[in-house]
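Working notes for the structure below.
What follows is calculated from the coordinates using simple rules that are stated; it is not laboratory data. Worth saying up front: this structure is predicted, and the values here are computed from it rather than measured. Heads up, the Cβs are rebuilt from the backbone with ideal geometry, glycines too, and the neighbour counts pull from every protein chain shown.
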Amino acid sequence: MPAAEPVVVTAVFTPVEGMRDELVRRLEPAIAEVHQEDGCILYAIHDAPDGTIVMIERWASEDLLDAHSQGQAVGRLSAAIADVIASPVVVTRLRPIPAGTPEQGVL
């Protein structure tokens, strides 16, 4: 994927039993911080039916996503949630397959 194209990411967090609300509480400060980062277009958490928390992200480029991934906000977030997640966070970078209208066919 060329560096100048936007990139979509999912990050799936599996909370320790009974720690869902605490996980969300600890994610919230990072969200506000990351919204200020260069290249952040979307950074939002959602509840999934299986009990996981899914973060959906959209970044202006791979390079800016890489900078985010290696940045201090991610380091602080990782440390803050270490004891309330049951397994490592599953991060997936996605490449769009445009279909339909330009407005609705790509995140």
Can you give the helix-only mean residue ellipticity at 222 nm for the chain, where every DSSP H stretch with n ≥ 4 adds -39500 (n - 2.57) and the sum goes over all residues, rounded to the nearest 500 deg cm²/dmol? -9500 deg cm²/dmol
Could you tell me what a quarter of the Cα convex hull surface of region 16-94 works out to, in nm² with one decimal place? 5.1
Only Cα pairs under 8 Å and at least 6 apart count here; give the relative contact order of the chain as a rounded whole percent. 42
For the pair residue 89/residue 44, report the inter-label distance in nm, with labels modelled 7 Å from Cα in the Cβ direction. 1.8
Rounded to the nearest 0.05, FRET efficiency between residue 16 and residue 99 (Cβ-Cβ, R0 35 Å) equals 0.35
Env charge @ residue 44, Cβ radius under 13 Å, K,R +1 / D,E -1, value -2
Region 1-104: which GluC sites (Glu not before Pro) are DSSP loop and have at most 10 other beta-carbon atoms within 10 angstrom? 17, 103
Treating only Lys and Arg (+1) and Asp and Glu (-1) as charged, each at its beta carbon, one finds that the chain has a dipole about its Cα centre, in Debye to the nearest 20, of 100
